[in-house]
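See structure below.
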Amino acid sequence: SVISTLKDLNVPFEVLGPSQMEARFPQFSLRKNEIAVYQEDAAAARATPTINAVWQYLKMLNKKKGDDIVKIFQGQNLVEVSGIGNVKGGDLSLELNGRDDATTTTTTTTTIKAKSIVLAMGSWIMPFLSKLGLEVPLIGTEERVCYFKPKSQAIDHTYRSMPVFIPHFDHNIVTELMEAGIKHETANDWGFYGLPEIEVPGVKLSAHHTGVSFTDPELRPSRVDPELSDRRKDEIVAACAHLISHLFPHLNLGPHKTQTCLYTSSEDHDFVIDTHPLDSRVVLAAGFSGHGFKFGPSLGDLIANLAIESTSTALNPAHARFSLKRFPNFGLATPPG
């Protein structure tokens, strides 16, 4: 449970009953015998400003140290990585293909030589794994998040007054992965999660890991089966509305906005961060399972060290849970001969 985990880690917390919760955080309404576990250090990572800051930093590096420090290939897709396993044969070779800009249909091919590479491709890693000779049990899902506006401004629902929250209630949505009965953490009822109003108007709420699954993000459900995608959206909105009627008395039951996002989940929901079993110059960073962004700074250090030192996470007890060794044949599609 949350309480036992916080105790084990010596993290301070408070347990609030219905009256205490209403007095402290009137955005919520607990029923009799329900409790809330409050940890004051819990927070939300602001994605848009963070990504913008990274871009600005990259531009600053080029401005200070020269244009060759950081090269950005916008609109280019990674098509091939050559030289994997041929450590004595020279650098790795990356082939990119794409349009020069949005106003032209002309495509160009670019070849990059590299002494080491990090493949952090999000869901696009799934159809690319076979080109790397890898077979890792990743599942993509197209999730749907909803934003619900307060009925009035009398009670503040912004991050200044309202904490992030993880309601421990089942959403009762039966996904196709659940029906298939596969051995994968995504095929479970993970309940809900939510954020106060931060950047987008309204409280953010969603049923976790309920998106329709896919194996190629270019063929995700909203593109190839919009009817199925819309049905799942309706299920998620209905589940969120039911939770709001129970827990959030000051929110409208209908969302004013919904949007999609992509999860790429490993079967145990641990990250997949490791060097390639046949070539330690290639670093794989994938399977962040819907909870990777908040660990960005720590993961950046770890992944950079792998690229520089060419050592597998399997060799470090603190990071071994992320390694490819937990998969059959170390993630290789064909066992080494």
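The values are calculated or read from the model by the stated rules, or taken from the named source; none is laboratory data. It should be emphasised that the depicted structure is a prediction, and the values quoted were computed from it without experimental measurement. For neighbour counting, all protein chains shown are included, and Cβ atoms are generated from backbone atoms with ideal geometry for every residue, glycine included. Ligands, DNA and RNA are excluded from the accessible area calculation, which covers all protein heavy atoms including side chains. Shrake-Rupley method; radii C 1.70, N 1.55, O 1.52, S 1.80 Å.
Using 0.36 nm per residue, how much length does the chain from residue 298 to residue 31 gain when fully extended, once their Cα-Cα distance is taken away?
Full-extension gain reported as 92.3 nm.
With everything on Cα atoms, drop me the angle between helix 296-309 and the longest principal axis of the chain, reported from 0 to 90° to the nearest 10.
Rounded to the nearest ten degrees, it is 20.
What number, rounded to the nearest 500 deg cm²/dmol, is the helix-based mean residue ellipticity at 222 nm of the chain, given -39500 (n - 2.57) per DSSP H run of at least four residues and division by all its residues?
Result for the chain: -7000 deg cm²/dmol, rounded to the nearest 500.
Local charge sum around residue 254 (other residues, Cβ-Cβ under 12 Å, Lys/Arg +1, Asp/Glu -1)?
+2
Cα to Cα, under 15 Å, and not fewer than 8 places away if on the same chain: which aspartates and glutamates meet these conditions relative to residue 149?
197, 199
What list of ³J(HN,Hα) couplings, whole Hz, do you get for segment 319-326 from phi and the Karplus terms 6.51, -1.76, 1.60, once you set θ to phi - 60° and write x for glycine and proline?
Couplings: 10, 4, 5, 8, 6, 6, 5, 6 Hz.
Going down the list 115/294; 183/257; 71/257; 71/233, which pairs span over 31 Å between their C-alpha atoms?
Over 31 Å Cα-Cα: 183/257; 71/257; 71/233.
Which percent of the accessible area of the chain is formed by carbon and sulfur heavy atoms (probe 1.4 angstrom)?
Percent of accessible area from carbon and sulfur atoms in the chain: 53.
Quick one: which residues, 5 or more positions from residue 77 or on another chain, have an amide H under 5 Å from its amide H? H modelled 1.01 Å from N in the peptide plane, none for Pro or chain starts.
97, 98
Stick to the Cα atoms of segment 189-242, pair each with every other, and give me the Kirkwood hydrodynamic radius in Å at one decimal.
Result for segment 189-242, one decimal place: 12.5 Å.
Which residues in segment 126-149 place their backbone N less than 19 Å from a point set 7 Å from the Cα of residue 93 along the Cα-to-Cβ direction?
Once the point is set 7 Å along Cα→Cβ of residue 93, 131-133 turn out to lie under 19 Å by backbone N, inside segment 126-149.
With a 1.4 Å probe and every protein chain left in place, work out the accessible area per residue of the chain in Å², rounded to a whole number.
Each residue of the chain exposes 56 Å² on average to a 1.4 Å probe.
Taking Cα atoms of segment 1-102, Rg/Rh with Kirkwood Rh, to two decimals?
Values: Rg = 25.4 Å, Rh = 19.8 Å.
Checking Rg against Rh, the ratio lands at 1.28.
With the convex hull built on the Cα atoms of segment 169-211, state its orientation-averaged projected area in nm². Numbers along the way, then the final one.
Numbers: hull surface 13.9 nm².
Result: 3.5 nm².
Once you place label points 7 Å from the Cα toward the Cβ at residue 13 and residue 246, how far apart are they in nm?
Between residue 13 and residue 246, the label points sit 1.9 nm apart.
Work out the length of the dipole vector of segment 82-177 about its Cα centre, built from +1 on the beta-carbon of each Lys and Arg and -1 on the beta-carbon of each Asp and Glu, and round it to the nearest 20 debye. Show your work: numbers first, answer last.
Working: 9 positive and 10 negative charges, 57 e Å.
So the dipole magnitude of segment 82-177 works out to roughly 280 debye.
Which distance in Å, rounded to a whole number, links the C-alpha centroids of segment 50-76 and segment 174-217?
Taking the Cα centre of each part, segment 50-76 and segment 174-217 sit 33 Å apart.
Note down the net charge around residue 219, summing +1 for each Lys or Arg and -1 for each Asp or Glu among other residues with Cβ under 11 Å from its Cβ. Write out the running numbers ahead of the final one.
Numbers: positive: 220, 223; negative: 142, 216, 218, 225.
Around residue 219, the surrounding residues sum to -2.
Pairing the Cα long axis of helix 226-247 with the longest principal axis of the chain, what angle in degrees results, from 0 to 90 and rounded to the nearest 10?
40
Using a 1.4 Å probe, how large is the accessible area of residue 327, given in Å² and rounded to the nearest 10?
Number for this one is 10 Å².
In whole Å, largest first, what are the principal axis extents of the Cα atoms in segment 146-188?
Dimensions of segment 146-188 along the principal axes of its Cα atoms: 46, 18, 14 Å.
Using a basic spin-label model with each label point 7 Å from the Cα along Cα→Cβ, how many nm lie between residue 230 and residue 42?
Computed distance between label sites residue 230 and residue 42 equals 3.6 nm.
The list [x] 18.9, 56; [y] 61.7, 190; [z] 22.5, 69 gives values of Rg and Dmax of the Cα atoms in Å, and only one came from this structure; which label was calculated from it?
[z]
Which distance in nm do the two modelled labels at residue 262 and residue 173 give, with both placed 7 Å along the Cα-to-Cβ direction?
1.9
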